[in-house]
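The values are calculated or read from the model by the stated rules, or taken from the named source; none is laboratory data. The structure presented is a predicted model; accordingly, all values stated were derived computationally and were not measured. Glycine gets a Cβ as well: all are built from the backbone with ideal geometry, and neighbour counts include every protein chain shown. Surface accessibility is based on the protein's heavy atoms, side chains included, excluding ligands, DNA and RNA. Shrake-Rupley method; radii C 1.70, N 1.55, O 1.52, S 1.80 Å.
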Amino acid sequence: MVRPKRAKTRGSSSARLEMDEDYVPPTDVEDQPVEGSCAGASSSGAGATSSRGRRPSRLDPVVSGIPDTPLLRGLGGHISAICRTQERSPITGWRCSWKPVLTFYQRASPALRDALGRTPLGPFLTIPRIQSDRRLVAALCERWFGEANTFHFPCCELAITPLDFVMLTGIPIAGEVIPPLSVIPMDRAAALMGVSLETMTADSGWEAGKVKLSWLASILEATAISVIELNSLAFTSVLRVFLLFILGSCFFMTDRSCMETSFLPLMDPIDRFDTFDWGGAIYASILAGLRRVSRGGGRSVRFFYHFLEMWAHEYLDPFCPSLKVPDVTSFPRSSRWSTPSSKVDSHLLDKAREELDRLTLRRVTLQPFFDFDDMIQLHCRGVRRFMGRRVAFPYFGVCEYFLGERVLHQSDGEFRIPLAPPLEMTPALARDTFMEGMRTAGVPIHHLVGEVVTHSFYLSWFRGVSIGPIMRPFSTRPGATEVGGKLVKKYFQMRPLLAILEEDNRALIEENAHLRGRCATFEDPLVTFAAIPPYQCRPRPDMSFDFDADLAQVKYSINKYAH
C-alpha cells in the first residue's frame, strides 16, 4: 500500500476525509459509566474504555420523587427523568460516521465493491444514507429500558427484534460467535494492513492497541481504491483496512475515535471474516449502547443510532416518512425510504417526546414485515426462529438478551401477559450446552407467558408495571408554543362553563322560534311582543376570565353559576 504523505494528512484537505455532519463531539467531558455490566465496557468489547487524558466529571443529577414500578427500578436515574422536568437531553455527542463509509464505498473500484458486497456487511453498504433526526433518536433513548431490552410506550411494549435488525440492515445473524478479543502487537497490525511499522509510528496512527479512524481514512485516501484490481498485491490489505474502517466508524465506536486492531486477526486470512456472526454482535451492540446511554453511562451515543430511525419508520406512524421508493421488493427494507418525513424533518425534542407520549395502538404497526415471507426466507437465513423465544446474543465476552416472550404481539399480533424478566440481562458468555442453545436457537417461552388477552386487559396490566406518559400534561416550550400551551390548558378548564353557555344558547334559540310562531298565529293584530311574558333565563355569568386563576377557582365559579 502507498504510504500517506504526512503533510497531507495534517494540512491538506485533499488527503483528509471531509468532516462528517453526523459526527458531533461531546461538548463536555463524558461521564464515567455508572453500571458494572457491559454498559461500562468499551463498545468494541476489547476491555474497558481507556480513560487516559480524561478528568473526573460529576454524574448527571438524579431526579427525586419518581417511584419505581414492579418492573422498572431506579427511575430517578434513568434518562426519562429528564422528560419530567422538561429539560434538554443530556446526550451531547453522536459518535457514528456513516457518511465517510458510503463516500469511500461509492469511490471504490468494481472489484473492491464486489469483494465488500460478498461480505456480511455488503447489503448494509447499499442503503442510502438518511439525514438523521437526532431529536427523535434522543426521545427513543428516553423510552428504552434495559430491564427488559424494550421500548416502553403508553400503549404497549415494543422490542428491536432480530428480524427487524436483519430486514433493515441486511446484515445476517449467522455464523461463529466472535470471541473476546485481545490486543495484538503493532508490527502484526501493520503487516495485516499493508503498511510499514515506520509509517504507522511516523503518522502517530497507533495508540494503545488501537488505530485512529482518521488515520485509516488517510490510508484509504492515499490508496487508489477507485482503480485497484483483484490481482493487485495490495488488494487484500486494502480490503482489511476498509472493513476495519466500516466496523470502527459505524458499529464499534470508542470514546477517542479509534478502532481496536484486535479485529484484524479475524480477517487473517481474509475469507475468515465471513465465518463470524457480525450481525449478532452488531445487534447486541445496539442493545448495549441503548442500555448505556439510557442509564447515564455516558453522554455520547456510541452505537449505530441511525437504526433507531429505521426502526421508527416501520413501526411508528408519526415518524413514517412521507416519500418512499416505489420498489416494494427492495432489500434491506430501510433502502426504500427516500427522504425523511416532513412531519419529523424539523422536530423539536419536545415535539418528538410528545408524539411518543401520546402514542396509541392505532398508530403502531405491530408486524411491519408480515407480507414479506419470501423475502424473509431468502435473505434472513432463518432469523425468524428467534421470534417468540428468549435468545442471548454474544457481544465480545458478554451477552444481551432478546426477550421474545414480552413482545409476542410483534410476531403474531396477539397480546399476552409475560412473567418477570431475568434479574441479570447481561450474562457472561459461557461455553456450555445451555448457553450454546440459547445463542443458536433460543429457549422456548411457553411457560413464561399467559393466555391471549385483549389489548384493554393487557393495557391495564402494562400500566401497572410501566411508566406511561412521562411529560407534563402540556409542555412549556418557550415562545408561541408556551402561550399556546397555556391557552389550551385554560380551554380544557373552561369546558364545563362552555357547555352551560351552549345549553343556554340552544334554549334561547328554541324559545325565540316558539315565540315567533305564537306571534304569527295570533288573530288579534293588537297583540305585540311586549304583551308576551319574557323567557325567564338564568342570570348571565360574568364573561371576564382570569387566565392566571387556578383550576380550583374556575370550578368554584362554574358550580356557583350552575346553582
Of all residues in segment 82-103 being at pLDDT below 85 and in a helix (DSSP H, G or I), which is farthest from I467 (Cα to Cα)? I82
Looking at T275, is it touching a Gly at 6+ places or on another chain (Cβ under 6 Å), under 24 Å from E176 (Cα atoms) and open to solvent by 10 Å² or more (accessible area, probe 1.4 Å)? yes
Test: P180 is surrounded by fewer than 21 Cβ atoms within 10 Å (Cβ to Cβ), under 29 Å from the mean Cα position of the chain (by Cα) and under 30 Å from L429 (Cα atoms): yes
Among residues belonging to segment 62-114 that are surrounded by fewer than 19 Cβ atoms within 10 Å (Cβ to Cβ) and of a type in the set (S, T, N, Q), point out the one that is nearest to E309 (Cα to Cα). T92
For segment 85-106, pairs from a residue that is more than 30 Å from G65 (Cβ to Cβ) to a residue that is modelled with pLDDT under 90 and among the basic types (K, R), with Cβ under 7 Å and 6 or more apart or across chains, are W94/R134; W98/R129; K99/R129; L102/R129
Among the residues of segment 289-338 satisfying the criterion of being among the acidic types (D, E) and open to solvent by 10 Å² or more (accessible area, probe 1.4 Å), which is nearest to G117 (Cα to Cα)? D327
Only residues that are part of a helix (DSSP H, G or I) and open to solvent by less than 10 Å² (accessible area, probe 1.4 Å): list them for segment 126-152, please. L136, V137, A138, A139, L140, C141
Are there strands (runs of 3 or more DSSP E) fully within segment 367-468 with at least 3 residues that are open to solvent by 10 Å² or more (accessible area, probe 1.4 Å) and among the hydrophobic types (A, V, I, L, M, F, W, C)? List them. 449-453
List every residue pair whose Cβ atoms sit under 6 Å apart, with the two residues 6 or more apart in sequence or on different chains, where the first one lies in segment 174-190 and is in a loop (DSSP other than H, G, I, E, B) and the second, anywhere, is exposed (fewer than 14 other Cβ atoms within 10 Å of the Cβ). G175/T275
Residue count, segment 115-125 (criterion: in contact with a Gly (Cβ under 8 Å, 6 or more places away or on another chain), open to solvent by 10 Å² or more (accessible area, probe 1.4 Å) and not in a helix (DSSP H, G or I)): 1
Would a scan of segment 261-269 turn up a residue that is on the phi > 0 side of the Ramachandran plot, modelled with pLDDT under 95 and surrounded by fewer than 24 Cβ atoms within 10 Å (Cβ to Cβ)? no
Being modelled with pLDDT under 60 and surrounded by 14 or more Cβ atoms within 10 Å (Cβ to Cβ) is the filter here, so list the residues in segment 469-502 that pass it. F474, S475, R477, T481, G485
Looking only at segment 222-254, and only at residues there that are open to solvent by 20 Å² or more (accessible area, probe 1.4 Å) and either without any contact (Cβ under 8 Å) to a residue 60 or more places away in the chain or within 32 Å of the chain's Cα centre (by Cα) (or both), the one that is nearest to F124 (Cα to Cα): R240
Being in contact with a Gly (Cβ under 9 Å, 6 or more places away or on another chain) and closer than 19 Å to P368 by Cα is the filter here; which residues of segment 408-428 pass it? L408, Q410, S411, D412
With (1) touching a Leu at 6+ places or on another chain (Cβ under 8 Å); (2) of a type outside the set (D, E); (3) under 19 Å from W278 (Cβ atoms) as the list, and T126 as the residue in question, which single condition is left unmet? (1)
